[in-house]
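The values are calculated or read from the model by the stated rules, or taken from the named source; none is laboratory data. Remember, predicted model here, so these are calculated numbers, not experimental data. All Cβ positions, glycine included, derive from the backbone under ideal geometry; neighbour counts span all protein chains shown. Keep in mind that these areas ignore ligands, DNA and RNA; they rest on the heavy atoms of the full protein, side chains included. Shrake-Rupley method; radii C 1.70, N 1.55, O 1.52, S 1.80 Å.
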Amino acid sequence: MKTALAATFLAGLAACGPATLPGEGVINDPSEVQNREVHAFNVAVDRAIVRPLSVGAGNAVPEPVRQGIGNFADNLDQPRYVLNNLLQLRIDDALANTFRFAINSTVGLGGLLDPASGIGLHAEATDFGETLHVWGAPEGAYVVLPVLGPSTSRDTVGFVVDRAMNPVRFFVEPPESYYATAAGIGGALNTRYRFSDTIDELYYESADGYAAARILYLSNRRFELRGEAQDDYFDPYTDTYEDPYAQ
């Protein structure tokens, strides 16, 4: 009975349809002053801590080891993907992520290897922010989170819920849970190292790194949520927009 009610509730939410995405170049940034301060803080943290650590780890740790750590961290995200797929009523994606998790957790030695991708079973990445979008929740205002970087009010709620309801938290206890946390940090540092040139250009070489990060995040996030409607993709490097906060 409870299962039927839950299914009916989720079906009702899905029937509301996804939220309408903002038009091309639309920027909703009512807290720009505070956001710029947080952005400056993030750049300072990157300069003093994150970038040096990522460069040091990238130079000291062999690429296969870094890749394995990244694979392990990514594999731990799969149960969260599955849960959000189900909440979005995307059953095919949920099945694909479930099979991927099962294969990489066994044949892939706990996720250190990625044999699932080798057979064409790639991750169908998602999050609770996308779930809220599917349920009809609007994007909200642009925000910059300390250390974590660009987000929106909807995606910030999604981030908190994802961390709170991640199935891994309920099945992995200390000290194993600490390994998962360490792997997540290692994966983030590896990503910073891999995209060092792009991030350095954005943070340290852009005339206005804040505005560049804002439009890059919003355009890419909307592109992800738009799904197959790729003709509407807003390219931050070729398209122009009118910034209501420009001086």
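Just so you know, in the range 103-124 the residues that are assigned to a loop (DSSP other than H, G, I, E, B) and open to solvent by less than 70 Å² (accessible area, probe 1.4 Å) include one that is modelled with the lowest pLDDT, and it is 110.
What do you reckon, is residue 170 at pLDDT 95 or above and open to solvent by 60 Å² or more (accessible area, probe 1.4 Å)? In short, no.
For the range 202-227, taking the residues that are among the acidic types (Asp, Glu) and at pLDDT below 95, the one that is most open to solvent (accessible area, probe 1.4 Å) is identified as 205. The residues listed here are 50, 38, 82, 43; of these, the one that is crowded, with 20+ Cβ neighbours inside 10 Å, β-branched (Val, Ile, Thr) and modelled with pLDDT of 95 or more is 82. Restricting to the range 141-156, name every residue that is out of contact with any Asp or Glu (no Cβ under 6 Å at 6 or more places or on another chain) and open to solvent by less than 30 Å² (accessible area, probe 1.4 Å). Listed by number, the residues that qualify are 141, 144, 149, 151, 155. For residue 70, the conditions (1) open to solvent by 20 Å² or more (accessible area, probe 1.4 Å); (2) part of a helix (DSSP H, G or I) all hold with the exception of (1).
Residue-wise test of (1) under 13 Å from the mean Cα position of the chain (by Cα); (2) more than 16 Å from residue 217 (Cα to Cα); (3) at pLDDT 95 or above; (4) hydrophobic (A, V, I, L, M, F, W, C).
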{"residue": "128", "(1), (2), (3), (4)": "yes, yes, yes, yes"}
{"residue": "135", "(1), (2), (3), (4)": "no, yes, yes, yes"}
{"residue": "140", "(1), (2), (3), (4)": "no, no, yes, no"}
{"residue": "144", "(1), (2), (3), (4)": "no, no, yes, yes"}
{"residue": "164", "(1), (2), (3), (4)": "no, yes, no, yes"}
{"residue": "176", "(1), (2), (3), (4)": "no, yes, no, no"}
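When the range 45-103 is limited to residues that are of a type in the set (Val, Ile, Thr) and more than 27 Å from residue 203 (Cα to Cα), the one that is nearest to the chain's Cα centre (by Cα) turns out to be 82. The set of residues in the range 90-102 being touching a Leu at 6+ places or on another chain (Cβ under 8 Å), of a type outside the set (A, V, I, L, M) and either open to solvent by less than 30 Å² (accessible area, probe 1.4 Å) or at pLDDT below 95 (or both) consists of 100 alone.
Do we have residue 159 as assigned to a helix (DSSP H, G or I), surrounded by fewer than 18 Cβ atoms within 10 Å (Cβ to Cβ) and in contact with a strand residue (DSSP E or B) (Cβ under 9 Å, 6 or more places away or on another chain) here?
For residue 159, the condition - assigned to a helix (DSSP H, G or I), surrounded by fewer than 18 Cβ atoms within 10 Å (Cβ to Cβ) and in contact with a strand residue (DSSP E or B) (Cβ under 9 Å, 6 or more places away or on another chain) - is met.
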